[in-house]
1. Test residue 55 against the criterion of being in contact with a helix residue (DSSP H, G or I) (Cβ under 8 Å, 6 or more places away or on another chain) and in a loop (DSSP other than H, G, I, E, B), and give yes or no.
2. Given the structure, is residue 70 in contact with a strand residue (DSSP E or B) (Cβ under 8 Å, 6 or more places away or on another chain) and farther than 13 Å from residue 16 by Cβ?
3. Keeping to the stretch 202-216, report how many residues are farther than 15 Å from residue 252 by Cβ, touching a helix residue (DSSP H, G or I) at 6+ places or on another chain (Cβ under 6 Å) and buried (at least 18 other Cβ atoms within 10 Å of the Cβ).
4. Specify which of the listed residues (86, 112) is in contact with a strand residue (DSSP E or B) (Cβ under 7 Å, 6 or more places away or on another chain), closer than 24 Å to residue 162 by Cα and modelled with pLDDT under 95.
5. Kindly check whether there is at least one residue in the stretch 93-101 that is out of contact with any strand residue (DSSP E or B) (no Cβ under 6 Å at 6 or more places or on another chain), touching a residue at least 40 places away in the same chain (Cβ under 8 Å) and either in a helix (DSSP H, G or I) or over 30 Å from residue 290 (Cα atoms) (or both).
6. In the stretch 61-71, how many are in a helix (DSSP H, G or I) and closer than 14 Å to residue 97 by Cα?
7. Are any residues in the stretch 232-259 over 16 Å from residue 7 (Cα atoms), under 18 Å from the mean Cα position of the chain (by Cα) and free of Cβ contacts under 8 Å to residues at least 60 places away in the same chain, and if so, which ones?
8. Select from the stretch 274-304 the residues that are part of a loop (DSSP other than H, G, I, E, B) and within 29 Å of residue 78 (Cα to Cα) and list them in ascending order.
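The values are calculated or read from the model by the stated rules, or taken from the named source; none is laboratory data. Values in this document were obtained by computation on a predicted structure and should not be read as measured data. Here the Cβ is made from the backbone with ideal geometry for all residues, glycine too, and neighbour counts use every protein chain on show.
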């Protein structure tokens with residue numbers, strides 16, 4: 001019998017190289033880093049790590065190269081309990097994301113070298129396992145479309161994480177049941193000036209539930225019942241915001257799999273993201289379930 005998972009993730013899986021600095025340098029200037037972190041990265045792999053630490057069973061479809069970074073990425077995922085049996089190894093180099101994280105503010109700048117491809121022909125739908133939800137990032141678009149259509153035929157909800165306007169995913173949107181995107185994408189794609197208006201435009205294109213995240217300004221969402229839900233962000237001292245959105249997605253998916261209301265999903269996901277920001281690196285601070293519940297129970301302050 002085929003295996004079955006709580007979530008089947010699909011997306012890019014770079015190795016992250018993050019340098020912590022006291023301040024952003026001027027053009028041409030050389031500065032010293034105060035710390036350096038090398039971890040696995042990527043929106044979907046990090047969301048799968050979040051689900052695993054929260055106690056669920058995720059699997060990942062991605063592609064890595066036959067190099068040191070590829071082995072590193074897979075080994076780290078395995079240690080966190082993600083099933084990597086569907087990861088495709090190619091005779092090329094693994095994707096690398098390099099960035100700076102500013103000490104004090106937690107702001108970061110990331111540059112991605114996506115030196116690996118994953119076409120639709122690499123997705124063998126007859127071999128795919130069962131899953132309660134499929135989560136993707138839209139980067140390998142033809143493969144995403146194939147996987148989303150397979151999920152729709154199987155009655156599996158499709159979740160999409162979009163953080164920027166770097167690639168056109170408009171063809172994928174009608175197949176998505178849960179669109180959780182960043183404000184940068186929502187406003188840029190719709191041309192609207194307010195998140196509420198952007199939601200109104202997106203819900204015409206994308207059926208089901210739509211959520212827009214806006215950092216310290218919280219998250220706003222529409223359900224398929226036309227209810228508008230807003231949750232303010234928790235106020236914490238941010239050490240590094242890298243991976244906060246990915247952790248949010250993991251928390252959202254956890255609530256979705258558990259059958260929670262949108263309001264409870266946003267509350268829980270916001271707490272997961274806030275706790276992640278307390279430590280440097282995209283995955284270091286991702287919490288377990290008990291830590292998240294204890295954090296929410298304390299009723300910490302929120303941004304207005």
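1. yes
2. In short, yes.
3. Residues in the stretch 202-216 being farther than 15 Å from residue 252 by Cβ, touching a helix residue (DSSP H, G or I) at 6+ places or on another chain (Cβ under 6 Å) and buried (at least 18 other Cβ atoms within 10 Å of the Cβ): 1 in total.
4. 112
5. Checking the stretch 93-101: at least one residue is out of contact with any strand residue (DSSP E or B) (no Cβ under 6 Å at 6 or more places or on another chain), touching a residue at least 40 places away in the same chain (Cβ under 8 Å) and either in a helix (DSSP H, G or I) or over 30 Å from residue 290 (Cα atoms) (or both).
6. 2
7. 244
8. Answer for the stretch 274-304, where residues must be part of a loop (DSSP other than H, G, I, E, B) and within 29 Å of residue 78 (Cα to Cα): 277, 278, 279, 280, 281, 282, 283, 284, 285, 286, 287, 288.
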